[in-house]
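First up is the structure itself, then whatever we jot down about it.
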There are 4 protein chains.
Amino acid sequence: MTPKQVDKEARRRQIFQAAMELYSQKGVARTTIQEIAEQAGIGKGTVYEYFDRKEDILAYMFDSIQEESEAIIAEQLTPSMNAEKKLVAYITGIMSFFDRYPADITEILLVFWAEGILNSPRNPADASTQSFDLRSMYEEYNQIVAQILDEGKQDGLFRQSLDSEAIAPAIIGALDGLMLQWVLLKDQIDFHDGVNNLLTVVLDGIREHEGND
Amino acid sequence: MTPKQVDKEARRRQIFQAAMELYSQKGVARTTIQEIAEQAGIGKGTVYEYFDRKEDILAYMFDSIQEESEAIIAEQLTPSMNAEKKLVAYITGIMSFFDRYPADITEILLVFWAEGILNSPRNPADASTQSFDLRSMYEEYNQIVAQILDEGKQDGLFRQSLDSEAIAPAIIGALDGLMLQWVLLKDQIDFHDGVNNLLTVVLDGIREHEGND
Amino acid sequence: MTPKQVDKEARRRQIFQAAMELYSQKGVARTTIQEIAEQAGIGKGTVYEYFDRKEDILAYMFDSIQEESEAIIAEQLTPSMNAEKKLVAYITGIMSFFDRYPADITEILLVFWAEGILNSPRNPADASTQSFDLRSMYEEYNQIVAQILDEGKQDGLFRQSLDSEAIAPAIIGALDGLMLQWVLLKDQIDFHDGVNNLLTVVLDGIREHEGND
Amino acid sequence: MTPKQVDKEARRRQIFQAAMELYSQKGVARTTIQEIAEQAGIGKGTVYEYFDRKEDILAYMFDSIQEESEAIIAEQLTPSMNAEKKLVAYITGIMSFFDRYPADITEILLVFWAEGILNSPRNPADASTQSFDLRSMYEEYNQIVAQILDEGKQDGLFRQSLDSEAIAPAIIGALDGLMLQWVLLKDQIDFHDGVNNLLTVVLDGIREHEGND
DNA sequence: CATGAATGAGGTTTCATTCAT
DNA sequence: AATGAATGAAACCTCATTCAT
C-alpha cells in the first residue's frame, strides 16, 4: 500500500551536505544543481523534490548553522556563572562550535558569511522577504554580549566606564574577523591561540583594577 | 604618458564607478554588463574596450581599494612615532579611509569582502592565477601590526608577554568585524565610537603597567 | 463483465471528472498529472493504472463527449418526423445535450474544441494514428444534416434551389459558433434564445414558400 | 559610430512569421523557441531580443490578426450602403481577409482560435491582465452586426420581429463555425460557396417580405 | 492495487562575449 | 573608438513516466 519509505529529513540533509561540499569549494553561484545532484548521487529532479528552488538550499544552510551554533553556545552558558566566566564561556562556545561541526565548517562559514553579506537586505524594508538575514543574527549576538558586560559592571567586575553597547559588537566582530583570517591563513594562524590571546587582552582591557579610570 | 592614455584611464574609472554603484546594490553575480553600460551611459560593447572580461572590473576594484587604502594608511604613519602612536595612527588611518573614500564605500567594502572570500584561492596552489587575493592582503596587514607590537615591546611600552603574531590578526580582525557590523547595523552602531572603544580596551589590555604580569 | 471491470470503469470516470475540472479551468497543457491525482483524491501512480498516458485522458474525453452527444441527439430524432421537425429536433438535441451534461459542460466543450483543433491531423494522412479527430466528427454531422435537408427538398418542404452539401456545414457551424460566443459571453448572450432565433431565420430562409425562387 | 542597422519591426515580423509557420503545424505548446529560431534562420538568443517571452509571440499574433482583419473589413464598408449591402460587405470583408492574408491563414486562424479559447479569461476579473482576449473581440463584432441589423429594421429592409442582439452572434458564429469546418474539411467544403449559401439563407430569413410575420 | 519517490529529457530564459558597421 | 545586434553555452526548473515497496 505504501510506497518506498524514505526519511525525508535525512534526504534533505544528504542533499544539503553535498551542496555544502561544493559551495565551500566553488561558491554558490558557480555550483549547479546538476553538480549537487551528482555529488549526492541522485538525479537532478530529485533535488527539486526536497528543495523547491536552489535558493532554498542556501536558506537551509543558514537555518542549520544558526540553530546549531546557538545550541552549542547556549550549552556553555550557565546562569550561575559570573560575568567574566560567562564571557569566556560564550567565546569558548563559539570555538567549540568550530571544533564540533562536521567537516569543513570553516569553508562553509565563509560561504555563510559571503552570501549572508550579499543577500543581506540593504534597506530594512526588504528584511521581511529575506529568509536569512545577518542583521538580526548580529543584533541577537550583540545583545547577549552587551548583557553580560552590563552584568559585569553591576557586579563590579568590569569597569564602570565601559560602553557595553559599543564594545559588544567590537568583541563579536573581533571573533568574526579572527575567524576569517584563520580560514584564509590556516597555515599561519592558530585560531585557539588567537582567541585566547584576544580574550586575555580584552579581559585585561575591560577588567576593573587599581590605577584604572 | 600620452593624453590618450589619460583618457583611457578616465573611462575605466567611469565604468568602474558605475559597476560599483550596481555591485553594492545587487551584488556582482546579479549585475549584468548591460546594466553597467547603461549606468555609465555608454554602449555595452564599449565596456569591453576597457575591460576584457567582467571579472576584470572586480579585479580593478580590488586593486583600486587596496592601493588607496594603503596610501591613506601609510600617510598617517610617521617613523618617528612611538609604537602606541603608530598603532593608533594605523587604526585611525583605516577609519580615515572610510571617511575619505568617495561615496558608498561601506556597501562596496561588503562586496569587496564577500567576493574576496568567494574568490580566495582555497588551496595556496591556485594563488598565482588569482588576480585578487585576500590572503596576501591580510598577510601584509598582519605583518605591519605585528612589527608595531614588537617595536612597542622592545621599547617597554607593551607587555613582554604579548604574542605579537597572535594578537596582530585579532586586532585587524576586530576592525574588520566591527566594520561588517557597522555596515549591516548602521542605524544601531557608530563606527567611530566602536573603534575608539575598541582602541581603549586593546591599549589598556596590551600596555605595560604596574600590577601586570 | 466481471464486477472488477465495473470498478475499473468507475475509477476511470473519477479520474476523468477530476481532469475535466482542471482542464476546463487551466487548459490541458497547464494541468499536470499530479494535480489531476490530487483533485481525484488518489495517488499520482494510480492515474497510470487507468490511463497509460496523459493523452489518453483527453482521448477519453473525446470519446465520452462524442458518444453521449450522439446518443442524446439520436434520442430526439424519430424516423416518422418530417424534415423540418427533424431539423428542429436535431438542433434541439444539441441544446438538450448542454442542459443535461453534468456540470461545466460549456467550459469542457471549449477544451474539447480547442484541443480538437490543435490535435486535428492537418493532412489526412495522419488521421489514422489520431485517436480523436474533429474531422470525422464533422463529416458525420454534416452528412446527417444534409440528409435531412435533402429529405425536405424531396418532400417539397424546402426550396429546390437549396445546396444541401453547402448549407449543412453552415448550419452545424452556426451552432458551434453560437456556442463559442455563449461560453465566452455568458453574461450577454442567452444560448436558447440565440438558437431559437437562428432556427427561425434559417427555417424561414430555407422553407419553400410562394414568391421564392 | 552606429552599429549594424536593423529594422527592428521587420525582424519581429520575420520571427513572427517563422513562429506562425510552426504554430500552425504543431501547435503553440509543442513548438520550441529553438525551432522558431531555426525556422527564422537566427540564433535562439536573438528571438529573445525581439520578444521578451514566448507568450509575447502569441500576443503579437493576436494583435496582428485583429488589426489586419479589422482594417480589411472596415475597408469594405461604406456609410452610404444600405443595411443589406453592409451586411454582405461585412461578411465579404471577412472572406476577403482570408484571401488576402499571407500564407496559411487558415491554419493560423485555428491556432488563433484554439489558443484564444484556452487563454480567454474565464471570469471577467482576469480580463485586464490578459493581452489577448476573444471576449472583447466578439463583443465588438456583435455590436457592429447588431447595428447593421437595427439599421435594416429601421429602413424597413429587415423584419421588425428580428431580435438583433440575439441574431448578431448567430451570424458571426455561423461564419466562425463555417470557417472551422472549412479548415478541417478543405477537401470537401468550399468556403466561398458555403458563405454565399449562408448569406442567401440568412438574407431570405431576415428580409422583410409579404407573407411574413 | 496503490503509491509517491526518483528520474532525466526537454523547455525557457539569461547573459557574457563577439564582431560587423 | 563606439556601438548594439547576434549568439549559444549554460543554468534553472518542470513534469510525464517508471518502478520498488
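A short reminder: the numbers here are calculations on the coordinates, not readings from a lab. Remember, it's a predicted structure, so these values are computed and weren't measured experimentally. Note that we place each Cβ from the backbone using ideal geometry, even for glycine, and neighbour counts take in every protein chain shown.
Couple of notes before you dig in:
- Mean per-residue shielding of peptide C:132-145 is 2, counting Cβ atoms of other chains within 10 Å of each Cβ.
- Where labels lie 7 Å past Cα in the beta-carbon direction, separation of residue A:193 and residue D:25 in nm: 7.3 nm
- A point 7 Å from Cα along Cα→Cβ stands in for residue B:48, and the other copies hold the same point at 1.7, 3.2, 4.6 nm, listed in rising order.
- Residue D:30 long-range amide H proximity, modeled H, under 5 Å: none
- For region A:62-113, a crude dipole built from +1 on the beta carbon of Lys and Arg and -1 on the beta carbon of Asp and Glu, taken about the Cα centre, is about 300 debye to the nearest 20.
- Relative contact order (percent, whole number), chain C, Cα cutoff 8 Å, 6+ residue spacing: 16 percent
- Taking every alpha-carbon pair under 8 Å whose residues sit at least 6 apart, region D:132-213 reaches a relative contact order of 33 percent.
- Cα centroid separation, region A:161-213 to region C:43-110: 81 Å.
- Amide H contacts under 5 Å for residue A:158, placed H, 5+ residues apart: A:153, A:208
- From phi via Karplus (6.51, -1.76, 1.60), per-residue ³J(HN,Hα) for region C:168-175 in Hz, x at Gly/Pro: 3, x, 5, 5, 4, x, 4, 5
- Our coupling estimate for region D:11-19, obtained by passing each phi through the Karplus curve with A = 6.51, B = -1.76, C = 1.60 and θ = phi - 60°, is 4, 4, 4, 4, 5, 4, 4, 4, 4 Hz, Gly and Pro reported as x.
- With helices as the sole contributors, the protein assembly as shown gives -23500 deg cm²/dmol at 222 nm; each DSSP H run of n ≥ 4 counts as -39500 (n - 2.57), and the sum is divided by every residue.
- Approximate spin-label separation residue C:161-residue D:143, in nm, with each point projected 7 Å along Cα-to-Cβ: 3.6 nm
- The mean number of partner chain beta-carbon atoms within 10 angstrom of a residue's beta-carbon across peptide C:34-45 is 0.
- Its Cα gyration tensor gives chain B an equivalent ellipsoid. The semi-axes, each the square root of 5 times an eigenvalue, are 37, 18, 17 Å from largest down.
- Note on C:179, B:81, B:95: ascending count of other Cβ atoms within 10 Å places them as B:81, B:95, C:179, the fewest first.
- Per-copy distances of the residue B:82 label point, shortest first, in nm (7 angstrom along Cα→Cβ): 3.3, 11.9, 12.9
- Considering only B:114, B:29, B:40, the mean-square fluctuation computed in a Gaussian network model of chain B, springs between alpha carbons under 10 angstrom, is largest for B:29.
- Radius 14 Å from Cβ of residue B:85, net charge of other residues (Lys, Arg +1; Asp, Glu -1): -1
- Relative contact order of region A:44-126, defined on C-alpha pairs under 8 angstrom at six or more residues apart (%): 23 percent
- Going from the fewest other Cβ atoms within 10 Å to the most, the residues B:164, C:69 appear in the order B:164, C:69.
- For residue C:155, the point set 7 Å out from Cα toward Cβ sits 3.8, 10.9, 12.3 nm from its twins in the other copies, listed from shortest up.
- Under 10 Å, Cβ to Cβ, from residue D:42 - net charge with Lys/Arg +1 and Asp/Glu -1: 0
- Taking 24 Å as the straight-line reach from the Cα of residue A:186, the lysines in range (excluding those fewer than 8 positions away in the same chain) are A:26.
- Computed extension length for residue B:80-residue B:63: 3.2 nm, one decimal, from 0.36 nm per residue of separation with the Cα-Cα distance subtracted.
- Ordering A:111, D:195, B:88 by the number of other Cβ atoms within 10 Å of each residue's own Cβ, fewest first, gives B:88, D:195, A:111.
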